[in-house]
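These notes are about the structure you will find just below.
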Amino acid sequence: MTTTAVDTRTNTLKRGMTTAALLGTVLGAGFFAGLSAASAQTITVWSGYPEMAPFYEHVAEGLKATHPDLNVKVEAIALREHEKRIALGLTSGSAGPLVIELAGSTASRYIENELLPAAPDDISAFVKDPANFGEFFVDAVSHDGTVYGMPLFRGQGSLFYNTDMFAAAGLTEPPKTMEEYTEYAQKLTQRDANGNPTVSGWSMRLSGGGQGIAEKFWVNLFQYGGNVLVQTADGKWKADYANEAGRKALKQYLDNVFVAKTVTPEMPADAEAFERGQTAMFIRESWVIGDIAAKAPDLHYATAPLPTGSIALPTNLYVSAEGDDAKAAWDFAQATNSPENLVWLLENVGWLPNRSGVDYSVVTDKVPAFGAFVDYPEGYGFFTLPAIGPIEEVLTRLAAQLTSAFGNASLAGDDAAIDAYLKAAADETNQILAREDLLGQ
Amino acid sequence: MLKRKRWIFAMLAILPTLAIFAYVRMYPIADTLRLSLHKWDILSKKKPFIGLANFQELMGDRLFQEALLNTTIIAFGVLIITIPLAMVIAALIFHRTRSRFAGFYETSVFIPHVVSLVPAAMAWKWIFDARLGPLNAFLGLFGIQPQAWLFDPVLSVVCVIVLCSWQALGYAVLIYIVGFKSLPVSLYEAAKLDGASGPQSFWYLSIPMLKPITLYVSVVTLVSGFNVYAQAFVLASDAQGAPGRQVRVLVLDMLENSFRNYRVGYAASEAVVLLAIVLVLTLVQFTLLRERGARS
Amino acid sequence: MSEAVSDIAVEQAEGARLRFKKRAVDRLIDVVLFLFSILMILPLIFLVSNAFKTPQEMLAWPPTVIPANPTLDNFAAVLGQTPLLQWIANSLMFAGLSTVAILATSAIAGYILGKFQYKTLTVIFALFLATAIVPFEVYMIPLYFQAQSLGILNSTWGLLLGYLVMSFGIFLIRQNVIHSIPDELLEAARIDGAGELWIFWRIVLPLLRGALGALGVLAFFQAWTAFAWPMIVTTTRESYTIEVGLALFQTGFTVDLGRLSAASAAVLVPSVTLFILLRRNFVQGIASTGLKE
């Protein structure tokens, strides 16, 4: 007995209707469950760093005493996706009460478009108190003098180096100038019989991650006194890397890849390479400490501050909610900055808390690697990403330019070509600024 | 009376489909055209009209040009590999159609087309891996140096082409097999009597008679080649920790402009350009392959 | 007499040689096809074998095809740490509902457009044709904002919004209806007093069985392997489809290839099995459309 198309179709229909009925039941049940759980509040924490999820859950645990009915959902996804869901979630207003973890520079566009509310008075007072946060962090979380969020942690770059490899190469101290970085890289690179590097001396950020390439380039550029973007007298911005500083920075990349051949884009890079002993040193943020502890606990390494200064990317917590939910959300944000939680953050995740006046020595004594991040020398400079709309576009396009440059052997050793290249890239940057009416003189 | 009833039935029956179509196809397409003339950054409520400014900027945009170039190379690369290869494989499978292996051949050729894109791309990502991949190991047997497949600007595009062809082949082969099955056997027997060899009758008989199928397959392959995204995303992606050289394709550039640079109007103008290209190419293919006397 | 016998012998020898030649050619073709088939599925074989490798073996050079110490750790880790099953469920639900929607709309629209000659319908058909050429990626951004305003992001409905109709489906059914359903049949039914709905249900649909089967398979796999649309529509981990979930598979800053392969392999199995079961349907369906237009 063959089944006819009608039977198949009826079966499909039946299946469809069963599915619909099931869906209806599930939705109905969910609805009623939602109703009965109305007394239980739910706020959702959106984070762009999966490793922060345990921290937020730890904070939520701590809140159970004072907020027994509060249910905190933590959703941490990859950074780019996180930024996208914020853009789309906030504009549709359909996302429910949220605690949003966001870099200060990215938050500015939401604040300008009135998509994020200002912080309530008590939070604002807490943030503005100089005993709690340095001016740098207060600025990062404010707009036109009003506080919109709660500072939490920052990304700050320092040097990580493998002490065993240093000893083997006869080096006792970390490099103190950028020139030394290249020298050290040459001494530390291990090669095979054909002279190709098998272990890179200095793992530079040559590929992957779009915007990140530009950020890391900026860190190097900063050591030479340059900046990707610099603020002009009229409060606007312009590119500041088509100059000697830019040339030196780019040249250093090119020299290491093509002349000294201490590193290539295909070689394993970044934290993973460092943990596997495939590179001798690299510059990264403090989360690597936690990563090494988890994945390569026997690695002998140390950290050191950079020659002149470092990037500091403050990440803050903002709230998108109303009424009681808003109160609960801000309470959560406040709780993240309790001394106990911040010490937990530093110890278990590794990102650097921004709050001053908290004793982190419990952690820094146990893990000396944090020293480079918190005990930096006098006059150490910091820079951060400007809180302007097109910042991502500027960095992404610069990253595309840099990636091509890193693959272009003919640029190495040709100063004039490098200058021309940087000029073209800077022109593109300025063009973007001009388009958004942000180009200064 | 009856006629009226029929008319009412027809209209009512098609209404739901038409309504859905209008909402999910026609409206957004019109909206894309509209948005391309405006400036919108998702967040603000203002969407000022700026005429053709987006298009003007697009013409000078280095990244757009790179995306266009890459996408064109990939699309045509896939086309050039897929069509001839699919025809030959289909012919071979058809020749052995009565053997018990025919099912196996068909299945294994078609499976790449239906498996989830991402796992398949991950598999190829590993194959192409410079240090760990079997491709370099295999080439090493012949004394060829290991290549950085996914990092080289040229080779990474080749990798995407290979992946896309691998996936597109199955569909093309299947369609061609159906085509072969519908060819008139008598013609081939006549040819054989005249002394034509297998390859000869393939070249002079099969290929011309399969023109309509070639047209269909080439349009579909080329259009989907221009819309390549997932393969480039996985294989040659941005991801930290699993880097490769990013192969910038049109859809990727579009989504980046829209959701990372917050420039929806600009992204819409890119979409319009993509549409124009697809339309032109489709028209060209129709003219080319129809003209040369297609016989059904 | 002997001449005839030797003629026959010569012919037989000739026949034997030709048969031998044919068999040799067949064998050769078999070898080529066999190698080619293996090459085609080789990447997937690698994927499955990688799923069972230990992290150390993943780094081994030269890479092995068959894992030396097969382990189930990767699978355990993946199932424990990611909502893989949830993603598969999401994909199944999405693909299933999409198939139903596409079959329904294509069947009815294809029938109406194929068998009813009205000016309005010609216009409608032209509209469908015009929009069919437009690639989805071109208009998916405004469609996204439509989904956003309906509040159906991160849900199966949001996913479905882009996959409710399939232009090719409508064409396929229309072709089929024109080529394989004679007008006389329908007229006869009408003269007998049958209602339009009854005609559609009891006469047209059964005749469309093959085409609907093929279309169903196409629609299912189109939704199952959809990438760009689910990528922008789903932003919460639980609502990812399997494609998006795998692509964004990340543990912190690095990607664990072994686990990724395990997740991918786990997804591969349903895809392949489903296809092997449905292949006949698909091939038959395409053949029955008379793909010569």
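The values are calculated or read from the model by the stated rules, or taken from the named source; none is laboratory data. Predicted, not measured: the structure shown is a model, and the values here were computed from it. Glycine gets a Cβ as well: all are built from the backbone with ideal geometry, and neighbour counts include every protein chain shown.
Quick notes on this one:
- Number of the condition not met by A:LEU152 [criteria: (1) within 20 Å of the chain's Cα centre (by Cα); (2) at pLDDT 90 or above; (3) at positive phi; (4) not polar (S, T, N, Q)]: (3)
- Residues located in the range A:69-79, provided they are without any contact (Cβ under 8 Å) to a residue 60 or more places away in the chain and more than 9 Å from chain C (Cβ to nearest Cβ): A:ASP69, A:ASN71, A:LYS73, A:VAL74, A:LEU79
- Options C:LEU113, C:LEU103; residue that is buried (at least 19 other Cβ atoms within 10 Å of the Cβ), more than 9 Å from chain B (Cβ to nearest Cβ) and either closer than 24 Å to C:LEU197 by Cβ or among the β-branched types (Val, Ile, Thr) (or both): C:LEU103
- Of the residues in the range B:152-166, at least one is in contact with a Pro (Cβ under 6 Å, 6 or more places away or on another chain), assigned to a helix (DSSP H, G or I) and either more than 11 Å from chain C (Cβ to nearest Cβ) or touching a residue at least 12 places away in the same chain (Cβ under 8 Å) (or both).
- Residues being modelled with pLDDT of 90 or more and farther than 30 Å from C:ILE199 by Cβ - total across the range C:160-170: 1
- Restricting the range C:5-39 to residues that are under 17 Å from B:ARG98 (Cα atoms) and either away from every other protein chain (no Cβ under 14 Å) or acidic (Asp, Glu) (or both), the residue that is surrounded by the fewest Cβ atoms within 10 Å (Cβ to Cβ) is C:ARG19.
- Residue within the range B:216-226 that is over 13 Å from the mean Cα position of the chain (by Cα), under 29 Å from C:VAL25 (Cβ atoms) and more than 8 Å from chain C (Cβ to nearest Cβ) present: no
- C:ILE152 being more than 8 Å from chain B (Cβ to nearest Cβ), farther than 30 Å from B:ILE277 by Cα and β-branched (Val, Ile, Thr): yes
- All positions within the range C:123-159 that are modelled with pLDDT of 85 or more, in contact with a helix residue (DSSP H, G or I) (Cβ under 6 Å, 6 or more places away or on another chain) and closer than 17 Å to C:TYR240 by Cα: C:TYR144, C:ALA147, C:THR156, C:GLY158, C:LEU159
- Residues that are over 22 Å from B:ALA276 (Cα atoms) and under 29 Å from the mean Cα position of the chain (by Cα), drawn from the range C:125-149: C:PHE145, C:GLN146, C:ALA147, C:GLN148
- Flag for A:GLY389 being part of a loop (DSSP other than H, G, I, E, B), surrounded by 18 or more Cβ atoms within 10 Å (Cβ to Cβ) and within 14 Å of chain B (Cβ to nearest Cβ): yes
- When the residues of the range C:130-164 are filtered to those that are part of a helix (DSSP H, G or I) and among the β-branched types (Val, Ile, Thr), the one that is farthest from B:VAL223 (Cα to Cα) is C:THR156.
- Residue satisfying condition, being within 21 Å of the chain's Cα centre (by Cα) and either touching a residue at least 40 places away in the same chain (Cβ under 8 Å) or not assigned by TED's automatic domain parsing to the domain that holds C:ASN50 (or both), within set C:ALA77, C:ALA101: C:ALA101
- Summed over the range A:285-331, residues that are of a type in the set (D, E, K, R) and either touching a Phe, Trp or Tyr at 6+ places or on another chain (Cβ under 6 Å) or outside the structural domain of A:PHE274 (by TED's automatic domain parsing) (or both) total 5.
- When we screen B:ALA91, B:ALA120 for residues that are at pLDDT below 85 and assigned to a helix (DSSP H, G or I), the only hit is B:ALA120.
- Of the residues contained in the range A:252-272, one or more are found to be over 24 Å from B:LEU150 (Cβ atoms), buried (at least 21 other Cβ atoms within 10 Å of the Cβ), in contact (Cβ under 8 Å) with a residue 40 or more places away in the chain and more than 14 Å from every other protein chain (Cβ to nearest Cβ).
- C:TRP201 fulfils the conditions (1) touching a Leu at 6+ places or on another chain (Cβ under 9 Å); (2) modelled with pLDDT of 80 or more except for a single criterion, (1).
- Residue in the range A:393-403 that is assigned to a loop (DSSP other than H, G, I, E, B) and buried (at least 17 other Cβ atoms within 10 Å of the Cβ) present: no
- Residues that are touching a residue at least 60 places away in the same chain (Cβ under 8 Å) number at least 3 in the following helices (runs of 4 or more DSSP H) confined to the range A:326-377: A:339-348, A:371-374.
- Residues of the range B:61-110 that are under 30 Å from B:LYS39 (Cβ atoms), surrounded by fewer than 16 Cβ atoms within 10 Å (Cβ to Cβ), more than 9 Å from every other protein chain (Cβ to nearest Cβ) and not aliphatic (A, V, I, L, M): B:GLN65 alone.
- Taking the numbered list (1) within 7 Å of chain C (Cβ to nearest Cβ); (2) touching a Pro at 6+ places or on another chain (Cβ under 9 Å); (3) farther than 18 Å from C:LEU33 by Cβ in turn, B:VAL114 passes all entries but (2).
- Of the residues examined, A:ILE292 is one that is part of a helix (DSSP H, G or I) and of a type in the set (A, V, I, L, M).
- For the range A:159-263, the helices (runs of 4 or more DSSP H) that sit wholly inside it and include 2 or more residues that are farther than 28 Å from A:ALA424 by Cβ are A:163-168, A:178-188.
- When the range A:66-96 is filtered for residues that are assigned to a loop (DSSP other than H, G, I, E, B), buried (at least 21 other Cβ atoms within 10 Å of the Cβ) and at pLDDT 80 or above, only A:ILE77 remains.
- Of the candidates B:LEU183, B:LEU205, the single residue that is within 22 Å of B:TYR105 (Cβ to Cβ), more than 10 Å from chain C (Cβ to nearest Cβ) and over 17 Å from the mean Cα position of the chain (by Cα) is B:LEU183.
- For the range C:70-86, the criterion of being hydroxyl-bearing (Ser, Thr, Tyr) and either within 13 Å of chain B (Cβ to nearest Cβ) or in a helix (DSSP H, G or I) (or both) is met by no residue.
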